[in-house]
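First up is the structure itself, then whatever we jot down about it.
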Amino acid sequence: MSLGETIRNSQVWKSIFRHPMPLDRRNRIVVMLTNFFLHLHPVSIKKQGIALSYTWCMGGVTFFLFLVETVTGVLLMFYYRPTLEWAYHDILDLRDVTSLGILRELHRWGAHAMVITVWLHMYRVFLTGSYKPPREFNWVVGVILLLLTLLLSFSGYLLPFDQLAIWAITVGSNMARASPILGYEGPFQQLLQIGDIDMITDTSDARFVTIGERNVGEMTLNRFYVLHCIGLPLAVTLLLAIHFWRVRKDGGISGPL
Amino acid sequence: MHGHDPHFYESIQGFLGSYYLVLSIMNAVAALYLWRRLGRWLEAALLVVLFGGGFVVLSGIAYGGGTRVLGLPQSFKDFVNANTGPVIYTLGTTAVLVIFFVFRRFFTKPAVAWVSLNLALLFMGLSMTDPNFSLIVTKPDNVPIVGLIFLLGFFTWLATYKAVLNDDRLAQGLPPLEKEDSEKVLVWPDLVYTELICMIALTALLLVWAIGLKAPLEAPASSVKTPNPSKAPWYFLGLQEMLVYYDPWMAGVVLPSLVLVGLMAIPFLDFNKKGNGYYTIAERPFGYIIFQLGFLELWITLIILGTFLRGPNWNFFGPYEYWDPHKVLALNNKDLSQFFWVDLLDSGLPKAPSDSGTLVQLGYILKRECVGFVGLAVYFVLLPPILAMTVFRKFFARMGFIRYMLMSNLLLFMAALPLKMVLRWVFNLKYIVHIDEYFLNF
């Protein structure tokens, strides 16, 4: 018996993989049904549904980039402290000192790429009319995931806390100040006035809620850090699960009827 | 050149040399494919000689230190800088998209598409020797957008190419191409291996990208030193560009929210059952055109404008123009109320006596802005029923009241942006309704 065979016949191996190597038709079907990671897929699929010229692979690429962002992001958290005192210095260290400083490049370019691929995914789904019944709801989930991707990228933009970061977030969050009703300088904010007491002030409006203080500072850094590392990824994970589940339940990848 | 690196031409030698070399290899591979797989040796030979050889020569010149001659003529660059502006840019991109759409049968021919790609890449390479162009395009966070432009170009070509093929087949009563491949295959190995290869290729690409291009890190944050221009992250620059035409509450809050609502509403508004699961244009022209207008013109080209062509003070700068912070543009925009009360009726704007109560002041404001309110009422309230009785007659019949009203209002909001742009360019119109007292400017 060769070494490979010995391993594959061992009790440990068999306890993990509950079928022989997927070399014949039966085991190629069984592997899809018994492996946790593979069970996202169906067992068989129309040839057209895996043609790259049809799918562009953009949904899959986006999901892969999300995984890359998760792994590099967790590793970056070891090196980064979200405080005014340390944030910028830790990024400087990642650039100049830390051995695995390239993690930051991977994370940043992966994030830009993810924004692009998620748009391309939406573009493909629209152009093939794949949002049409019975996939209406999954398109809606997809739009929310697209929004969450942008918010993830936006919240991460602040974390290096350099000039680029703080002013991009300032420009972005200034919009919230102009929200109708809820913004300090927005139309109809006077509606939320009780007697002489103004409910919407520069310390209670939508912008203040977003950035946690009057100007982008340490509270903002904290809020964006928590959102970036915990809040938004959790929301994305949940919606991704629903998104993938619905792809299968709505009849798999789209194609002509 | 204003204060640019005196060694600029030397600094781009290596990059340009490799750039042209890669383009040459790209054409060689394409020629090999044409020759071996398709047996079209004549086209293959042409490709090798014309583009493969041409790019090798350019690459040699660049590596040899001749980057100075590999540029566009100064007169051309001056002409472009002097003659571009938001108006030309917007009308130009729209016109290009319309031409591509109308003559899609011609432009999607693989030969035409390949030559166009080569010419676009050549133009890009020639522009890179301009210090101002190079400076803005190679800003680390802008590099992805250059990638986005080429990716969108490629995928739009691919989708249109397949749609044209399918439309021909459908016209002949044949099923779409996608239907031909409805034979089933096992996911292991066919799909699983594709995914694995994709993941490896993508990892390699990300690593090369990460090694080749440093992530930006500027000076430490300072709340007193405002950079000029201050820009949002690139994917929001379309919204920042809208600030030129709308106040923040519209450009930053209402319109983006409506974009999301509108996107989510698409499957519930599009009652056309055809075109589900294959590329086609002929079977769903209305949905296709509206989406392309919204995505390519109102989202992507505005981002490109906001990123590459908006400089200090959010002024427009040509692609080869130095971003001069002292460039001054005369702004003499006028409100609709001024046109009406001052220019037309030759009286001052109605103004409430300073000691009057809130209601009186409100009355005066309404009087002052009455023309704008009437205009908005006609646009948002009167126009949907008029459209329902005329151009959207069939839509209204198929969709019912609520769905039709939602669609027409979303479309009207979407059209509000280009309309406001045109009004600004033609009449210097600032606001249709201008109520600073309540931050309500439209």
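The values are calculated or read from the model by the stated rules, or taken from the named source; none is laboratory data. None of the values given here were measured: they were computed from a predicted structure. Using ideal geometry, Cβ is built from the backbone for each residue, glycine included, and neighbour counts are taken over all protein chains shown. Areas reflect the complete protein model, heavy atoms only, side chains present, ligands, DNA and RNA absent. Shrake-Rupley method; radii C 1.70, N 1.55, O 1.52, S 1.80 Å.
Report, by residue number, each residue of segment A:149-163 that is crowded, with 24+ Cβ neighbours inside 10 Å and among the acidic types (Asp, Glu).
none
May I ask you to list the residues in segment B:403-442 that are part of a loop (DSSP other than H, G, I, E, B) and either closer than 22 Å to B:ALA95 by Cα or of a type outside the set (Ser, Thr, Tyr) (or both)? Step through it out loud before you land on a result.
To start, the set of residues in segment B:403-442 that are part of a loop (DSSP other than H, G, I, E, B) comprises B:428, B:430-433, B:439, B:442.
B:ASN428, B:LYS430, B:ILE432, B:VAL433, B:PHE439, B:PHE442, listed by residue number.
Any residue at all in segment A:26-44 that's assigned to a helix (DSSP H, G or I), surrounded by 11 or more Cβ atoms within 10 Å (Cβ to Cβ), among the small types (Gly, Ala, Ser) and at the interface with another protein chain (Cβ under 7 Å from one of its Cβ atoms)?
no
State all residues of segment B:338-377 that are at negative phi, open to solvent by 60 Å² or more (accessible area, probe 1.4 Å) and outside any helix (DSSP H, G or I); if no residue qualifies, say none.
If the condition is that a residue be at negative phi, open to solvent by 60 Å² or more (accessible area, probe 1.4 Å) and outside any helix (DSSP H, G or I), then B:LEU345, B:LEU349, B:LYS351, B:PRO353, B:SER354, B:ASP355 are the ones that fit.
Out of curiosity, is A:ILE7 β-branched (Val, Ile, Thr), farther than 27 Å from A:PHE126 by Cα and more than 11 Å from chain B (Cβ to nearest Cβ)?
yes
Where the second residue is surrounded by fewer than 18 Cβ atoms within 10 Å (Cβ to Cβ) and the first is within 14 Å of another protein chain (Cβ to nearest Cβ) and lies in segment B:127-148, which pairs have Cβ atoms under 6 Å and are six or more apart or on separate chains?
Cβ pairs passing all conditions: B:PRO140/B:LEU213; B:PRO140/B:PRO216; B:ASP141/B:PRO216.
For B:LEU119, indicate whether it is at negative phi, touching a residue at least 60 places away in the same chain (Cβ under 8 Å) and part of a helix (DSSP H, G or I).
Details: at negative phi: yes; touching a residue at least 60 places away in the same chain (Cβ under 8 Å): no; part of a helix (DSSP H, G or I): yes.
No, not satisfied.
Identify all residues within segment A:108-148 that are under 12 Å from the mean Cα position of the chain (by Cα), more than 7 Å from every other protein chain (Cβ to nearest Cβ) and open to solvent by 30 Å² or more (accessible area, probe 1.4 Å); write none if there are none.
Passing the criteria: only A:ILE144.
Could you tell me how many of the residues in segment B:182-223 are within 31 Å of the chain's Cα centre (by Cα) and either among the charged types (D, E, K, R) or assigned to a loop (DSSP other than H, G, I, E, B) (or both)?
Total satisfying the criteria: 9.
Taking only segment B:177-194 into account, find how many residues are open to solvent by 60 Å² or more (accessible area, probe 1.4 Å), out of contact with any Phe, Trp or Tyr (no Cβ under 8 Å at 6 or more places or on another chain) and within 7 Å of chain A (Cβ to nearest Cβ).
The qualifying residues number 4.
Taking segment A:52-78, which residues are facing chain B (nearest Cβ under 7 Å) and outside any helix (DSSP H, G or I)?
A:TRP56, A:CYS57
Does A:GLY49 qualify as being open to solvent by less than 30 Å² (accessible area, probe 1.4 Å), more than 7 Å from chain B (Cβ to nearest Cβ) and more than 26 Å from B:LEU217 (Cβ to Cβ)?
Values: open to solvent by less than 30 Å² (accessible area, probe 1.4 Å): yes; more than 7 Å from chain B (Cβ to nearest Cβ): yes; more than 26 Å from B:LEU217 (Cβ to Cβ): yes.
It is true that A:GLY49 is open to solvent by less than 30 Å² (accessible area, probe 1.4 Å), more than 7 Å from chain B (Cβ to nearest Cβ) and more than 26 Å from B:LEU217 (Cβ to Cβ).
Can you name every residue in segment B:378-408 that is of a type in the set (S, T, N, Q) and open to solvent by 50 Å² or more (accessible area, probe 1.4 Å)?
Listed by number, the list holds a single entry, B:THR390.
Of these, A:TRP109, A:TRP119, which one is in contact (Cβ under 8 Å) with a residue 12 or more places away in the chain, in a helix (DSSP H, G or I) and in the same structural domain as A:PHE63 (by TED's automatic domain parsing)?
Within the list A:TRP109, A:TRP119, the selection yields A:TRP119.
Can you tell me which residues in segment B:138-157 are touching a Pro at 6+ places or on another chain (Cβ under 9 Å) and of a type in the set (Val, Ile, Thr)?
none
Could you go through segment A:240-254 and let me know if any residue there is within 11 Å of another protein chain (Cβ to nearest Cβ), open to solvent by less than 30 Å² (accessible area, probe 1.4 Å) and under 30 Å from B:SER223 (Cβ atoms).
Within segment A:240-254, none of the residues are within 11 Å of another protein chain (Cβ to nearest Cβ), open to solvent by less than 30 Å² (accessible area, probe 1.4 Å) and under 30 Å from B:SER223 (Cβ atoms).
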